[in-house]
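A short write-up of the structure that comes next.
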């Protein structure tokens with residue numbers, strides 16, 4: 001038993017010695033220099049240019065004129081225009097419906113009779129005054145009194161004529177008001193009455209939107225006002241152009257207007273300033289332009305407001321900016337240099353640089369993580385050249401090895 005243990009241990013020890021010997025005699029592999037893969041970047045050769053800033057906003061299209069019509073006389077509606085319906089267009093002065101005028105015609109005739117009677121009384125009082133003046137000249141001495149000349153009666157008759165004229169004017173006005181008319185070119189937005197309905201004075205009968213102009217309230221942050229020429233009291237004719245983009249019949253459409261005013265206050269709920277853009281003839285009713293799409297009230301549109309113009313600015317993608325004021329310049333075709341710049345404006349996707357760059361500088365526009373000066377990069381387009389050179393070197397080495405063999 002002891003002899004078997006000794007033999008087994010001897011075999012195990014011998015095996016270990018052989019393995020250690022073989023491992024120690026194995027040649028060490030050649031050491032290779034670590035290879036660092038350069039980041040592939042895209043670049044843009046910058047060029048200074050004149051830029052007109054665009055300020056973006058949005059809002060719904062609203063009518064400039066929005067009125068609720070009310071009945072100014074009472075009575076039953078006896079006639080309704082074919083255009084008095086929701087969605088119809090009416091012209092200024094067009095009769096929408098008529099209230100029964102019978103009582104108002106009678107009032108006019110009564111007022112005319114009362115005026116004729118008052119005028120006759122006045123003529124009689126005037127004649128009596130003239131006669132009294134003649135009689136006093138024949139038999140009287142000195143200046144006659146007002147009572148002698150019957151002047152109080154004359155003034156009373158004159159006042160009665162004026163009162164009768166006012167009553168007739170009021171009766172005619174009420175008769176005219178039995179025809180309810182549009183006060184301006186308008187679109188019928190809603191109506192509250194119909195044929196045969198009785199209306200009282202002050203009853204709301206319809207809501208109309210003026211079609212001469214439409215407007216859009218455009219919210220703008222305070223810092224964006226620096227890039228706009230906003231109309232003001234000193235220069236009311238300063239009205240920047242506004243491009244509006246919306247949807248009609250499932251397709252994107254474009255309209256144009258002008259920035260006509262600011263509302264003059266900062267909205268307390270969102271701290272924004274509201275500018276107002278105005279669009280003439282939104283429904284194309286006056287010009288009858290062919291193939292022109294109407295800009296309907298209630299349409300939500302995106303607005304591009306033409307801002308101030310600046311000379312000598314450089315535009316770059318927003319992703320080219322690092323640390324708030326730095327861009328990366330490509331030097332020697334493969335190295336990064338950090339360059340501080342002064343920004344004229346920053347937009348969602350674009351930055352405008354005022355100073356810090358020269359025309360012709362090659363700026364890296366591909367995002368680079370943790371950039372530092374001297375960092376190695378590889379420009380897009382130089383990969384093919386490098387790959388071709390490496391392939392040629394490999395082919396030469398292979399040919400040389402074959403020749404040796």
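No lab work stands behind these numbers, since they all come straight from the coordinates. What you see is a predicted model; the values in this text were computed from it and never measured. FYI the Cβ positions are ideal-geometry reconstructions off the backbone, even for glycines, and counts take in every protein chain you see.
Here the contact order of region 277-380, divided by its residue count and restricted to Cα pairs under 8 Å and six or more residues apart, works out to 25 percent.
Only one of [x] 99, 29, 21; [y] 37, 22, 20; [z] 47, 28, 18 was calculated from the structure for semi-axes √(5λ) of the Cα gyration tensor in Å, and its label is [x].
Among 210-220, 102-112, the peptide with the highest mean count of other Cβ atoms within 10 Å heads the list, and the full ranking is 210-220, 102-112.
The residues 299, 247, when put in order of fewest to most other Cβ atoms within 10 Å, stand as 247, 299. Helix 102-139 and the longest principal axis of the Cα set of the chain meet at an angle near 50°. Taking the C-alpha atoms only, the angle from helix 2-25 to the longest principal axis of the chain is near 70 degrees.
Per residue, the average separation of C-alpha pairs within less than 8 Å and at least 6 apart gives the chain a relative contact order of 24 percent.
Protection proxy ranking, highest mean first, for peptides 44-51, 263-270: 44-51, 263-270, where packing is the per-residue count of other beta-carbon atoms within 10 Å, averaged. Between the beta carbons of residue 235 and residue 263, assuming R0 = 22 Å, the FRET efficiency works out to 0.80 to the nearest 0.05. Compute the angle between helix 382-404 and the longest alpha-carbon principal axis of the chain, please, reported from 0 to 90 degrees and rounded to the nearest 10. Around 10 degrees separate the two axes. In terms of the mean number of neighbouring beta-carbon atoms within 10 Å, the peptides 197-209, 124-136 order highest first as 197-209, 124-136.
Mean sequence separation of contacting Cα pairs (under 8 Å, at least six apart), scaled by the length of region 208-257, corresponds to a relative contact order of 20 percent.
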